[in-house]
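Below: one structure, written as structure tokens.
The values are calculated or read from the model by the stated rules, or taken from the named source; none is laboratory data. This one's a predicted model, so the numbers in the text were calculated from it and none came from an experiment. Here Cβ is always computed from backbone atoms with ideal geometry, including for glycine, and neighbour counts include all displayed protein chains.
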Amino acid sequence: MPSFVQTIQYYSKRKLFRFGVPFVLLVVGGSFGLKEFTQLRYQFSRKITVKPDELDKIGIKMKNPEDVTLESEYEKVKNLDIDNWENKRGPRPWEEVQKK
């Protein structure tokens, strides 16, 4: 019967033990590590809720959530004329440089 040391030496020469097991440990351990690091991003992020009163002070007017419904937005889009339109090309960054 082989001893424990002989068994370890036998398996340490095999490619599966030398390359496969560390690779599997890296993949599985990496997934747990990434989970912890991505959780930190959301745990300590600064989430600030802005109230409509504060937006009014800045000059931004929000609609009430009750006023904006799917049906009202559909009526706006339904009345648009999508058959007659003109393609307008916007300025390219290199065209802006030439104008100066």
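I'm trying to understand the selection: among the residues of the stretch 61-79, which are assigned to a loop (DSSP other than H, G, I, E, B) and surrounded by fewer than 10 Cβ atoms within 10 Å (Cβ to Cβ)? Matches in the stretch 61-79: Lys61, Lys63, Asn64, Pro65, Glu66, Asp67, Asn79. Within the stretch 10-21, residues that are at pLDDT 85 or above have Cβ atoms under 9 Å from residues that are outside any helix (DSSP H, G or I) in these pairs: Tyr10/Pro2; Gly20/Arg14, counting only partners at least 6 apart in sequence or on another chain. In this structure, Ile82 does not qualify as within 32 Å of the chain's Cα centre (by Cα) and assigned to a loop (DSSP other than H, G, I, E, B).
Quick one: would you say Val5 is β-branched (Val, Ile, Thr) and in a helix (DSSP H, G or I)?
Numbers: β-branched (Val, Ile, Thr): yes; in a helix (DSSP H, G or I): yes.
Answer is yes for this residue.
Here Thr49, Thr38 are screened, and the one residue that is β-branched (Val, Ile, Thr) and part of a helix (DSSP H, G or I) is Thr38. Just one of the listed residues (Gly59, Gly29) is at positive phi and free of Cβ contacts under 8 Å to residues at least 12 places away in the same chain, and it is Gly59.
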